[in-house]
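Below is one structure, written out as structure tokens; comments come after it.
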Amino acid sequence: MKKVLVLNGPNLNLLGQREPAQYGSDTLATVEVLCKEVGERLGVEVECRQSNHEGVLIDWIHEAGREIAAGTLLGVVMNPGAFTHTSIALHDAIKGASVTLIELHISNVHARESFRHHSYISPAARGIIVGLGIKGYALAIDALVQVSQAK
């Protein structure tokens, strides 16, 4: 069975308690259950990981690139959190490892502070989903499956 990797960046472990007016009351555990249920429905395995450390996320992206090349991974859904706006290193890892990636944000970053309007990840991403709450994860997983079938 093919796999989709869901990566969550810094502070996403605080979902449900951090700024619920912005991010809602669902926890990261709820997000992971949603992702796995969507994967079952679509016939793909979903693996979820979260880290507050940029280097760990980069290592996981490199690993994902090897798995994509081996034909065992369809791609990555990534909510890079605040690294979206700061990490050229994540951009370079996605491009360098040739990772098919859907960038995801729970909130509409374009309706928030101006520093959130720029993404270093977007130019390296296959697609972007913003502002649809945790439902965006389901859409992103579905999109990766559809993109892989179109190849």
When residues of region 61-82 are limited to those that are within 12 Å of the chain's Cα centre (by Cα) and in a helix (DSSP H, G or I), the one nearest to Ser114 (Cα to Cα) = Gly81
For region 46-61, indicate whether the set of residues that are out of contact with any Cys (no Cβ under 6 Å at 6 or more places or on another chain) and on the phi > 0 side of the Ramachandran plot is non-empty.
-> no
Of these, Val6, Val38, Val31, which one is within 15 Å of Ala140 (Cβ to Cβ) and either part of a strand (DSSP E or B) or touching a Gly at 6+ places or on another chain (Cβ under 6 Å) (or both)?
-> Val6
The lone condition Val56 fails out of (1) aliphatic (A, V, I, L, M); (2) closer than 11 Å to Leu7 by Cβ; (3) touching a residue at least 24 places away in the same chain (Cβ under 8 Å) is (3)
Within region 107-119, is there a residue that is under 23 Å from Val31 (Cα atoms) and either under 12 Å from the mean Cα position of the chain (by Cα) or of a type in the set (Lys, Arg) (or both)?
-> yes
In region 123-140, is there at least one residue being buried (at least 21 other Cβ atoms within 10 Å of the Cβ) and of a type in the set (Val, Ile, Thr)?
-> no
Within region 15-28, track down each residue that is assigned to a helix (DSSP H, G or I), surrounded by 14 or more Cβ atoms within 10 Å (Cβ to Cβ) and of a type outside the set (Ser, Thr, Tyr).
-> Leu28
Could you check, for region 52-68, whether at least one of its residues is crowded, with 21+ Cβ neighbours inside 10 Å, under 14 Å from Ile141 (Cβ atoms) and modelled with pLDDT of 95 or more?
-> no
Taking only pairs six or more apart or across chains, which ones have beta-carbon atoms under 6 Å, a first residue in region 71-89 that is under 19 Å from Ile134 (Cα atoms), and a second residue that is aromatic (Phe, Trp, Tyr) and part of a strand (DSSP E or B)?
-> none
Quick one: what pairs do we get from region 13-34, first residue farther than 15 Å from Asn79 by Cβ and without any contact (Cβ under 8 Å) to a residue 60 or more places away in the chain, second of a type in the set (Gly, Ala, Ser) and not in a helix (DSSP H, G or I), C-beta under 8 Å, 6+ apart or different chains?
-> Ser25/Gly16
Any pair with Cβ under 6 angstrom, 6 or more apart, that starts in region 125-151 at a residue that is in contact (Cβ under 8 Å) with a residue 12 or more places away in the chain and ends at one that is part of a helix (DSSP H, G or I) and polar (S, T, N, Q) = Ile128/Ser122
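The values are calculated or read from the model by the stated rules, or taken from the named source; none is laboratory data. Only a predicted model underlies this, so the values are computations on that prediction, with no experimental measurement involved. Every residue, glycine as well, gets a Cβ built from its backbone with ideal geometry; the counts of neighbours run over all protein chains shown.
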